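First up is the structure itself, then whatever we jot down about it.
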Amino acid sequence: MRDYWRENEIMTVVLELCEEVAKRARQLQKVGRTVSFGVRYSQYEKVGFHQSVTLDTGTNLTMELYRVCKRIFQKFYDGRSVRMIHVSLSNLMNEESVQLSLFENRTKERALAKAMDEIRDKFGPNALLRAVSYTSGSLARIRSSYIGGA
């Protein structure tokens, strides 16, 4: 465990956590309306922030979770070193019960997310990674080598 000082490294970890949360929701065939995001600063400072945002419709898409977390981060982050990051999805409902929007078509995004999940399930978590997972702030490749993986 280490502290993160650079914003791009922090956001890399946030994206990877959003990926994990979204994948778990898809595996359970659930979507969530409430995204919770929290940051705790370094071990010497027992402070941070935690906020929740309730969406109009449920989601289990990585980039939708990430956009919410990024918005919260940009609003509350004050530049201190980060020790812990928390991302969760609640207010869950069945995936089939999501009301379709006339203005958005998420069918392709959902199909892509499920295809990515299937590739990772079949060939391992490192078979398909985002480019940021190859940067210095990434934890995805390291975590997949631990017992239990990501």
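The values are calculated or read from the model by the stated rules, or taken from the named source; none is laboratory data. Model, not experiment: these values are computed from the prediction. Ideal geometry is used to build each Cβ from the backbone, glycine not excepted, and the neighbour counts take in all protein chains shown.
Looking at the stretch 71-90, is at least one residue of a type in the set (A, V, I, L, M, F, W, C), part of a helix (DSSP H, G or I), in contact (Cβ under 8 Å) with a residue 40 or more places away in the chain and crowded, with 16+ Cβ neighbours inside 10 Å?
Yes; the residues of the stretch 71-90 include at least one that is of a type in the set (A, V, I, L, M, F, W, C), part of a helix (DSSP H, G or I), in contact (Cβ under 8 Å) with a residue 40 or more places away in the chain and crowded, with 16+ Cβ neighbours inside 10 Å.
For Glu64, indicate whether it is of a type outside the set (A, V, I, L, M, F, W, C) and modelled with pLDDT under 95.
Against the criterion (of a type outside the set (A, V, I, L, M, F, W, C) and modelled with pLDDT under 95), Glu64 does not qualify.
Looking at (1) assigned to a strand (DSSP E or B); (2) at pLDDT 95 or above; (3) within 18 Å of Met93 (Cβ to Cβ), can you tell me which one Asp56 breaks?
The one condition Asp56 does not meet is (2).
Please state which one of Thr59, Thr54, Thr12 is closer than 22 Å to Lys114 by Cα, in contact with a strand residue (DSSP E or B) (Cβ under 6 Å, 6 or more places away or on another chain) and of a type in the set (Ser, Thr, Tyr). Don't jump to the end; show me each part of the working.
Values: Thr54 fails: closer than 22 Å to Lys114 by Cα; Thr12 fails: in contact with a strand residue (DSSP E or B) (Cβ under 6 Å, 6 or more places away or on another chain).
So the residue among Thr59, Thr54, Thr12 that is closer than 22 Å to Lys114 by Cα, in contact with a strand residue (DSSP E or B) (Cβ under 6 Å, 6 or more places away or on another chain) and of a type in the set (Ser, Thr, Tyr) is Thr59.
Restricting to the stretch 91-102, and then to whatever is among the aliphatic types (A, V, I, L, M) and at pLDDT below 75, can you tell me which residue is farthest from the chain's Cα centre (by Cα)?
Applying the filter and picking the extreme gives Leu102.
For the stretch 120-150, give me each residue that is part of a helix (DSSP H, G or I), modelled with pLDDT of 70 or more and farther than 21 Å from Glu64 by Cα.
To start, the set of residues in the stretch 120-150 that are part of a helix (DSSP H, G or I) comprises 120-123, 131-134, 140-144.
If we keep only those that are modelled with pLDDT of 70 or more as well, we get 120-123, 131-133.
Matches in the stretch 120-150: Asp121, Lys122, Phe123.
Would you confirm whether or not the stretch 25-44 contains a residue that is modelled with pLDDT under 95, over 16 Å from Leu89 (Cα atoms) and loosely packed, with under 14 Cβ neighbours inside 10 Å?
Yes, the conditions are met somewhere in the stretch 25-44.
Which of the residues belonging to the stretch 103-119 are modelled with pLDDT of 80 or more and either within 13 Å of Glu20 (Cβ to Cβ) or over 17 Å from the mean Cα position of the chain (by Cα) (or both)?
Those that are modelled with pLDDT of 80 or more and either within 13 Å of Glu20 (Cβ to Cβ) or over 17 Å from the mean Cα position of the chain (by Cα) (or both): Lys108, Ala111, Ala113, Ala115, Met116, Asp117, Glu118, Ile119.
Would you mention how many residues in the stretch 50-70 are loosely packed, with under 15 Cβ neighbours inside 10 Å and of a type in the set (Ser, Thr, Tyr)?
Count: 3.
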